[in-house]
Amino acid sequence: MTVLSNHWIQKRTPHWERLTLLVAAADKSRLRSLSRSELQEMALLYRQVASDLSTLRQDRTSAALAGQVNHLLARAHHIIYSSRKSSWRNFFLFLCDGYPRVFRQQIGYVFASLVTLLLGALVAAAFTLANPRFAAPILGPGVMSSIERHEMWTHSIVSVAPQAASGIMTHNITVSLTAFAGGLSFGVLSLYLMFFNGLMMGAVAVACQQAGMSVSLWSFVAPHGSLELPAIVIAGAAGMRIGHGMLFPGIYRWKDSVARAGAEAVRLVSGIIPMLIIAGSLEGFFSPSGAPVELKFLVGAALFTLLLIWLFRPLPKIVTS
């Protein structure tokens, strides 16, 4: 049984009191008196206090306090989830400011996912340089045959662009959701998918370089890959967050740790949906087209720059005490 210190309770009490004030104000005015920053603050405090409640429940001597915090959370839950009038508007507001906060909170998992992907790419590149036949079982006979003919395997996409775009989006979303859901295997499947995607990247990069097709490859990848690859990395990071919660519950009960990790992972993966839609459209219509190579690289660079601005730009401060 965990025994909480008075210092911890005193440190968390201002957060509970602030949420109480915001809930009371929302009850009186049905949210009309709260500013956008206060609404965001309430949502952030709700998640923090929910985590505090899980901690309080570990200490039997804090049962009365846990009951009060639980009642506060119930009131806040009703306001946050029952008073929404436009889910699309709220999702847009979440994407603008809320998602970058979520991304930064989980940046460690994103970094781990990216390192796993790059490690796979380096391994495949090294082995393919040493033995070009190494790439064959990874890329498949169709792609290898196309490279041997010095032809891009993507030309057929142009003739069926609308259907191709739909299929590509479905495929990319499936891959991302699989990487996300792979967290339920204690993160093993998420790690494997990131590493295997890296293997494919490294193998195809070296195979195309050896065939003198590097410009054709990277001009095809640049427009949609600037969003598609980060989206897949983020999905892998979400899976790793679930796996970490399953393996290392810390002060939480195992089921509470998994629930907490799952909630954070869902918020992290939710932001990649528009990224995959844009990337799928570009991969179906623009990337395999006959547009100038310079334009394709310019579009890729512009999209990646906008992505970095979105995720790392300064955000309005939220006061939590």
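The values are calculated or read from the model by the stated rules, or taken from the named source; none is laboratory data. Small disclaimer: the values here were computed from a predicted structure and weren't measured. Glycine gets a Cβ as well: all are built from the backbone with ideal geometry, and neighbour counts include every protein chain shown. These area figures cover heavy atoms from the full protein model, side chains too; ligands, DNA and RNA do not enter into them. Shrake-Rupley method; radii C 1.70, N 1.55, O 1.52, S 1.80 Å.
Residues that are at pLDDT below 90 and among the β-branched types (Val, Ile, Thr) were ranked within the range 278-321; the one that is nearest to LYS11 (Cα to Cα) is THR320.
Looking across the range 116-138 at every residue that is under 25 Å from the mean Cα position of the chain (by Cα) and open to solvent by 70 Å² or more (accessible area, probe 1.4 Å), the one that is farthest from GLY183 (Cα to Cα) is identified as LEU122. Cβ separations smaller than 9 Å between residues 6+ apart or across chains give the following pairs from the range 29-50 residues that are at negative phi to residues that are among the basic types (Lys, Arg) and modelled with pLDDT under 85: SER37/LYS317.
Do you know which residues across the range 234-255 are among the charged types (D, E, K, R) and assigned to a helix (DSSP H, G or I)?
First, the residues of the range 234-255 that are among the charged types (D, E, K, R): 241, 253, 255.
Passing the criteria: ARG241, LYS255.
Just so you know, in the range 206-233 the residues that are part of a loop (DSSP other than H, G, I, E, B) and in contact with a helix residue (DSSP H, G or I) (Cβ under 9 Å, 6 or more places away or on another chain) include one that is nearest to LEU303 (Cα to Cα), and it is MET213.
Within the range 83-97, work out how many residues are open to solvent by 70 Å² or more (accessible area, probe 1.4 Å) and either in a loop (DSSP other than H, G, I, E, B) or at pLDDT 80 or above (or both).
So the first thing to find is which residues in the range 83-97 are open to solvent by 70 Å² or more (accessible area, probe 1.4 Å), and the list is 84-85, 87-89, 92.
Restricting the remaining residues to those that are either in a loop (DSSP other than H, G, I, E, B) or at pLDDT 80 or above (or both) gives 84-85.
Qualifying residue count for the region: 2.
ILE234: under 30 Å from ASP52 (Cα atoms) and modelled with pLDDT of 95 or more, yes or no? So ILE234 fits the description; yes. Cβ-Cβ contacts under 6 Å between residues 6 or more apart (or on different chains), taken from a first residue in the range 12-23 that is open to solvent by 40 Å² or more (accessible area, probe 1.4 Å) to a second residue that is modelled with pLDDT under 90 and hydroxyl-bearing (Ser, Thr, Tyr), are listed as PRO14/SER321. The residue pairs whose first member lies in the range 213-239 and is without any contact (Cβ under 8 Å) to a residue 12 or more places away in the chain, whose second member is part of a helix (DSSP H, G or I), and whose beta carbons are closer than 7 Å, counting only pairs six or more residues apart or on different chains, are SER214/CYS208.
In the range 99-115, which residues are within 18 Å of MET201 (Cβ to Cβ) and open to solvent by 60 Å² or more (accessible area, probe 1.4 Å)? Across the range 99-115, the qualifying residues are PHE111, LEU114, VAL115. In the set (1) modelled with pLDDT of 95 or more; (2) closer than 22 Å to THR128 by Cβ; (3) open to solvent by less than 20 Å² (accessible area, probe 1.4 Å), the condition left unmet by LEU191 is number (3).
Can you say whether ALA74 is open to solvent by less than 50 Å² (accessible area, probe 1.4 Å) and either touching a helix residue (DSSP H, G or I) at 6+ places or on another chain (Cβ under 7 Å) or at pLDDT 85 or above (or both), as far as the supplied structure shows? It is false that ALA74 is open to solvent by less than 50 Å² (accessible area, probe 1.4 Å) and either touching a helix residue (DSSP H, G or I) at 6+ places or on another chain (Cβ under 7 Å) or at pLDDT 85 or above (or both).
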